[in-house]
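Novice: Take this structure, written in structure tokens, and hold onto it; I'll ask about it next.
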There are 2 protein chains.
Amino acid sequence: MADIEDLKADLGDIPIVTDRAKVQLKSRDFYWYSPVLKRQLEGVCADLVVEPRDEAEVIRSLRACFRHRLPVTVRGGGSGNYGQAMPLRRGAILDLSRLDRIREVGLGRVRAEAGARLARVDQLCQADSGQELRFHPSTLKMGTIGGFVAGGSSGVGSITWGILRDRGNILGLRVITMEDEPRAIELRGDAIQKVNHAYGTNGVITEVEMPLAPAHAWVDLMVGFEDFTTAVRFADALARQDGLTKKLITPLAAPIPELYFRPLKSRIPDGASVVLLMIAAPWLEAFRDFLSVWPGKILLERAADDPRRKGLPIYELSWNHTTLHALRIDPSVTYLQVLYPPPAHVELALKMHRHFGDEVMSHLELVRFDGQIACFGLPIVRFTTEDRLDEIIRYHEDHGCPIFNPHAFTLEEGGMKRVDRSHLAFKREADPLGLLNPGKMLAWDSPELDVSRQSYLYRSLEG
Amino acid sequence: MADIEDLKADLGDIPIVTDRAKVQLKSRDFYWYSPVLKRQLEGVCADLVVEPRDEAEVIRSLRACFRHRLPVTVRGGGSGNYGQAMPLRRGAILDLSRLDRIREVGLGRVRAEAGARLARVDQLCQADSGQELRFHPSTLKMGTIGGFVAGGSSGVGSITWGILRDRGNILGLRVITMEDEPRAIELRGDAIQKVNHAYGTNGVITEVEMPLAPAHAWVDLMVGFEDFTTAVRFADALARQDGLTKKLITPLAAPIPELYFRPLKSRIPDGASVVLLMIAAPWLEAFRDFLSVWPGKILLERAADDPRRKGLPIYELSWNHTTLHALRIDPSVTYLQVLYPPPAHVELALKMHRHFGDEVMSHLELVRFDGQIACFGLPIVRFTTEDRLDEIIRYHEDHGCPIFNPHAFTLEEGGMKRVDRSHLAFKREADPLGLLNPGKMLAWDSPELDVSRQSYLYRSLEG
């Protein structure tokens, strides 16, 4: 990198990091969840990290990088799982974690800078007006609000509010273009979808306006069942209780809990499947009566103010954290991301469960999906070979369960985002030289590739 | 009534009304929506009205009436439509509208005396902590919270929260028994269902604990369509937008709007079908983008603080108020209450619409029903004869659309409530002599009758 000294001069007093070990650290995320990505991305490393402190410094950073034609990969908390923020073609990591001001809290909405940690947004909204984000990834403490929008899709709360791609789950975004003279553009309404879950390939998100929900006193529960089938039917029936306020419904098949939930080992009977739950305190009585006709036993119950919740909130056993707990015990496992589409989601999930046995251990997340209850799956896979992993993926897809492949680092192969003409048009406008997170958007790099057979979580804006 | 003077002595300083005209007025509700009930209930009148001012006076009133074996029919705001609070066997009307204290507002819950008007509960919860009731009948201003629980079922907000019978939509009830020594019993959890929608036949509700939702700045909208089919498909698609916060989705077929919505006449194009909406302000932009691909035109839009909303909030054109507007213009019409079950609710509703034409004018209310989107219907019927009305009802039921008959005054014939052993057992305990609202529970008065062929909105507690 001959230009680094020139670039530094252009950046002036904007903090940068060039120490190789530190840059390496900031060039990574949880890509190692996937043995495939681990092999593919192991060597990825940026040339430097730029740490702007406000939007003006973001603009100055982008202007400088554009001048030097340096690729720029934006990073939030680094809690992605598919290399979303990993710089495939070196260049600069634009670390936005210093842009962490909460701009404004109103009834039903918050506006914050992109680098604000999700947990801090929740704390401030709670203190301001008893509100919190509608949903968040299990990486609440680590993830940033901009990173969630750029690289996430759903999470704890999706059982009530659906997923990020749903209208109304992001209210506004402010993005900076990568040009000679970078511009700030406010996107609202459907236009938000151009940039939502685009890994920062077509603009740098500097501010986010998100909807809020009441910050209930959530009670953490783990309910044990002797068989997974009953656990899933219970979870689905609970999801259909429209009057019962809940934030998490996570069925986990044996042996996941007993093998991998070390901190709760003493509470988990041999062979138990469990359902993790967050229920708002006023509805706990109603929940108990609902549970009473099911053969489930409460293995753990912690009120919102239980100090043990700070150390291990139940949501840190759910969503992508389930996989993390498994990897800590057994580094050879990996996972998949599945959609079991409604209305047959329960039968589909149980069919896959029975077919694969312990090779693919079922982990479901109940969600709202287009106005219906459905399941996402994040099953834990005993990894043997990449070929076998492909076989497992194919079997799911052949049986009507689309896979959002967490073993691929491009937007299209991940399968969540259909990149259509409007995305490409916006990328042409916002990043004419293709310097933002290069290598992540196949439609830009390899427009001749046909990936149209895929199911997409984020559907085309073209309908 | 020879005992009236004795009774008065027992009642002491508890206010009573014996003036015939005033007693007549308080012996009625909106039963005249139904030509059948109008004929059957026209002559119903109590002997007196008792107006206790607190729970102690309720207990004294019940003790006195029990001593004189006088039937007691409890009344709230008198906004029922099927004679719920009409005293079939004379006796006393127990008017609870002076029991109107709001006991406590907390996060997600309010506890109030039964006679508190729904609108006042909303105002106080709003002022206290930006909260409001999850849903309410269109008679928000007139109805009481106890009356809603005893005689209502769903309403404005049911598109998000489901209906009263759903777990968690009532958190607690305090009821007084009708005995020698009346007792106060607190019902919580599933036990609430014994008394919910029981017309005060098995206990006098004195306090209610209800769940709360955020009090959003609701925007009233009326969207016009050239054809009803498109209006219904639009309404259903909007209902499925999990991220878009809404409180009302009401499709109304032409010619309902142009014939009956006199105050808005100038805004309604000839032949227009409309959808009435309440959308929370932060999601209005998302709603506009959602609307943009539909051929619907916004005919009316009023922000939460628009002074014209005070005079005619949009919800006063919806639910049972639609029928009221029609009756004001054409006293010869009546209505039905229909369930179009999911997932075929749209097709079923359109099938009935096409079959009956203008004889049964479609009025739908989108709701959440067991975790799915569904439609209730309150079609306006051009009444000819009772036989024809029965035919219309039968046609709906033969085509898979259960009718909750608003032309019947018993719990069972209304079809909302299946009275099972647990209800009867509770009535035996709470009202051993059958003095509470006598004549409304067939299972008590005529246990030999078989009404089991009906579909019930409030299912059996026995599952």
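The values are calculated or read from the model by the stated rules, or taken from the named source; none is laboratory data. Everything quoted here is computed from the prediction, not taken from an experiment. Backbone-built Cβ (ideal geometry, glycine too); neighbour counts: all protein chains shown. Accessible surface is based on the protein model in full, side chains and every heavy atom, while ligands, DNA and RNA are left aside. Shrake-Rupley method; radii C 1.70, N 1.55, O 1.52, S 1.80 Å.
Novice: Rounded to whole angstrom, how close does the nearest chain B beta-carbon get to the axis mapping B onto A, and which residue is it?
Specialist: Result for the B and A rotation: B:Pro214, 3.
Novice: Same structure again: Along its three principal axes, how long is the stretch A:226-280 when you only count alpha carbons? Whole Å, largest extent first please.
Specialist: Here the spans come out as 34, 22, 12 Å, largest first.
Novice: I've got another one for you. For the stretch A:279-295, state which residues have at least 30 Å² less accessible area in the presence of all protein chains than in their chain by itself, taking the probe as 1.4 Å and leaving out ligands, DNA and RNA.
Specialist: Hits at the 30 Å² cut-off: A:Pro282, A:Trp283, A:Glu285, A:Ala286, A:Asp289.
Novice: Let me ask something additional. What number does the stretch A:289-364 give for Rg over Rh if you use C-alpha atoms and the Kirkwood radius?
Specialist: On the way: Rg = 15.7 Å, Rh = 15.3 Å.
The Rg/Rh ratio comes out at 1.03.
Novice: Counting helices only, and only those DSSP H runs with n ≥ 4, report the 222 nm mean residue ellipticity of the protein assembly as shown as the sum of -39,500 (n - 2.57) divided by its residues, in deg cm²/dmol to the nearest 500.
Specialist: Working: 34 runs with 283 residues, N = 926.
My calculation for the protein assembly as shown gives -8500 deg cm²/dmol from helical runs alone.
Novice: In the stretch A:156-170, which residues become less accessible by 10 Å² or more once every protein chain is in place, relative to the chain on its own, using a 1.4 Å probe?
Specialist: So the qualifying set is A:Trp161, A:Asp166, A:Arg167, A:Gly168.
Novice: Would you grab the residues whose amide H sits under 5 Å from the one on A:Ala215? Only those 5+ places off in sequence or on another chain, please, with H modelled 1.01 Å from N.
Specialist: Residues meeting the amide H criterion: A:Gln131, A:Glu132.
Novice: Expressed as a rounded percentage, what relative contact order does the stretch B:321-434 have, with Cα pairs under 8 Å and six or more residues apart?
Specialist: Working: 149 pairs, mean separation 30.3, N = 114.
Normalised by residue count, the contact order of the stretch B:321-434 is 27 percent.
Novice: In the stretch A:1-141, if every C-alpha pair distance is counted and binned at 5 Å from zero, what percent goes to each bin?
Specialist: 2, 10, 18, 18, 16, 14, 11, 7, 3, 1, 0
Novice: Can you give the accessible area buried between chains B and A, summed over both chains, with a 1.4 Å probe, in Å² to the nearest 100? Present the calculation step by step, with values, prior to reporting the outcome.
Specialist: Details: alone 17770 and 17800 Å², together 32520 Å².
Accessible area lost upon association: around 3100 Å².
Novice: Where nothing but the Cβ of Lys and Arg (+1) and of Asp and Glu (-1) is charged, how large is the charge dipole of the protein assembly as shown around its Cα centre, in debye to the nearest 20? Let's see the in-between values first.
Specialist: Details: 116 positive and 124 negative charges, 169 e Å.
Rounded to the nearest 20 debye, it is 820 debye.
Novice: A follow-up question, please. Of all the Cα-Cα pairs you can form in the stretch B:291-449, what percent are over 29 Å apart?
Specialist: Numbers: 4501 of 12561 pairs.
Roughly 36 percent, once rounded to a whole number.
Novice: Then there's this: Place a label point 7 angstrom from the Cα of B:Asp445 along the Cα-to-Cβ direction, then list the residues of the stretch B:75-109 whose backbone nitrogen is under 13 Å away.
Specialist: B:83-90
Novice: Ok, one more. For the stretch A:20-84, what is the accessible area per residue in Å² when the probe is 1.4 Å? Please report the intermediate quantities before stating the final value.
Specialist: Details: 2400 Å² over 65 residues.
Per-residue accessible area for the stretch A:20-84 comes out at 37 Å².
Novice: Counting only heavy atoms of the protein chains, get the accessible area per residue of the stretch A:264-411 (1.4 Å probe) and round it to a whole Å² value.
Specialist: Working: 5560 Å² over 148 residues.
About 38 Å² of surface per residue is accessible.
Novice: Using Cα-Cα distances under 8 Å and only pairs 6 or more residues apart, what relative contact order does chain B have, in percent?
Specialist: On the way: 1034 pairs, mean separation 70.6, N = 463.
Answer for chain B is 15 percent.
Novice: Can you list the residues in the stretch A:234-265 whose accessible area drops by at least 10 Å² when all protein chains are present, compared with the chain alone? Use a 1.4 Å probe, heavy atoms only.
Specialist: Listed by number, the residues meeting the 10 Å² cut-off are A:Arg240, A:Gln241, A:Asp242, A:Gly243, A:Thr245.
Novice: What number does the stretch B:123-165 give for Rg over Rh if you use C-alpha atoms and the Kirkwood radius?
Specialist: Details: Rg = 10.6 Å, Rh = 10.9 Å.
Result for the stretch B:123-165 is an Rg/Rh of 0.97.
Novice: Using only alpha carbons, build the gyration tensor for the stretch A:99-145 and give me the equivalent ellipsoid semi-axes, biggest first, whole Å. Numbers along the way, then the final one.
Specialist: Values: eigenvalues 48, 30, 13 Å².
Values for the stretch A:99-145, descending: 16, 12, 8 Å.
Novice: Can I ask one more? What nm distances, shortest first, do you get from the label point of A:Glu104 to those in the other copies when the point sits 7 angstrom along Cα to Cβ?
Specialist: Those separations, rounded to one decimal, come out as 3.7 nm.
Novice: Just the Cα atoms of the stretch A:63-120, one point each, no solvent: what log10 I(q)/I(0) does Debye give at q = 0.13, 0.21, 0.28 Å⁻¹?
Specialist: -0.45, -0.86, -1.09
Novice: When you look at the Cβ of every residue in B:364-372, what mean number of other chain Cβ atoms sits within 10 Å?
Specialist: Details: counts 0, 0, 0, 1, 4, 2, 5, 10, 7.
Going residue by residue through B:364-372 and averaging, the value is 3.
Novice: Please work out the C-alpha center-to-center distance from the stretch B:288-349 to the stretch B:395-410 and express it in whole Å.
Specialist: 21
Novice: Here's another thing I want to ask about it. Any idea what the alpha-carbon Rg over 2.2 N^0.38 Å comes to for chain B? Mind dumping the intermediate values first?
Specialist: Working: Rg = 21.7 Å, N = 463, 2.2 N^0.38 = 22.7 Å.
Computed over Cα atoms of chain B, the ratio equals 0.96.
Novice: Per the Kirkwood treatment, what hydrodynamic radius in Å, one decimal, follows for the stretch A:107-191 from the mean inverse distance over all distinct Cα pairs? It would help to have the intermediate numbers written out before the result.
Specialist: Values: mean 1/r = 0.0729 Å⁻¹.
About 13.7 Å for the stretch A:107-191.
Novice: Also, I was wondering about something else. B:Asp270 label points, 7 Å along Cα→Cβ, one per copy: pairwise distances from this copy to the rest in nm, shortest first?
Specialist: Nearest first, the other copies' label points are 8.2 nm away.
Novice: Then there is this: What is the Å³ per residue value for the convex hull set by the Cα atoms of the stretch B:266-320? Kindly include the intermediate steps, with their values, before the conclusion.
Specialist: Numbers: hull volume 5.8 nm³, N = 55.
Normalising the Cα hull of the stretch B:266-320 by residue number yields 106 Å³.
Novice: Compute the distribution of all C-alpha to C-alpha distances in the stretch B:355-401, in bins of 5 Å from 0, and list the percent of pairs in each, rounded to whole numbers.
Specialist: 5, 18, 25, 25, 14, 8, 4, 1
Novice: Using every alpha carbon pair in the protein assembly as shown, what percent of pairs falls into each 10 Å bin from 0 up to the bin containing the largest distance?
Specialist: 2, 12, 20, 22, 19, 13, 7, 4, 2, 0, 0
Novice: Just the accessible area per residue of the stretch A:117-230, please: how many Å² with a 1.4 Å probe? Mind dumping the intermediate values first?
Specialist: Details: 2860 Å² over 114 residues.
With the other protein chains kept in place, the stretch A:117-230 gives 25 Å² per residue.
Novice: In addition: Return, for the Cα atoms of the stretch A:132-232, the radius of gyration and Dmax in Å, separated by a comma.
Specialist: Values for the stretch A:132-232 (Cα only, Rg and Dmax): 16.8, 62 Å.
Novice: Would you mind checking the radius of gyration and Dmax of the stretch B:197-244 based on alpha-carbon positions, in Å?
Specialist: Considering the stretch B:197-244 through its Cα atoms, Rg and Dmax are 18.6, 49 Å.
Novice: Continuing with the same structure: Which lysines does A:Lys38 reach when only Cα atoms under 26 Å apart count, and residues fewer than 8 places away in its own chain are ignored?
Specialist: Here the lysines satisfying the reach criterion relative to A:Lys38 are A:Lys22, A:Lys26, A:Lys141, A:Lys417, A:Lys440.
Novice: Against the globular-protein guess of 2.2 N^0.38 Å, express the Cα radius of gyration of the stretch A:322-409 as a ratio, rounded to two decimals. If you can, show how the numbers build up before the last one.
Specialist: Details: Rg = 12.6 Å, N = 88, 2.2 N^0.38 = 12.1 Å.
Rounded to two decimals, the normalised Rg is 1.05.
Novice: Along the three principal axes, how long is the stretch A:359-433 when you take its alpha carbons, biggest first, rounded to the nearest angstrom?
Specialist: Over the stretch A:359-433, Cα extents along the principal axes are 46, 36, 19 Å.
Novice: So, one more: Take the solvent-accessible surface of the protein heavy atoms, probe 1.4 Å, and return the percent of it on chain A that carbon and sulfur atoms account for. Write down the numbers at each step before the final one.
Specialist: Details: 8110 of 16270 Å².
Carbon plus sulfur share of accessible area: 50 percent.
Novice: Moving on. In terms of the ratio Rg/(2.2 N^0.38 Å) built on C-alpha atoms, what value belongs to the stretch A:189-345? Intermediate results must be reported in sequence, preceding the final value.
Specialist: Values: Rg = 17.7 Å, N = 157, 2.2 N^0.38 = 15.0 Å.
Against the compact-globule rule of thumb, the ratio is 1.18.
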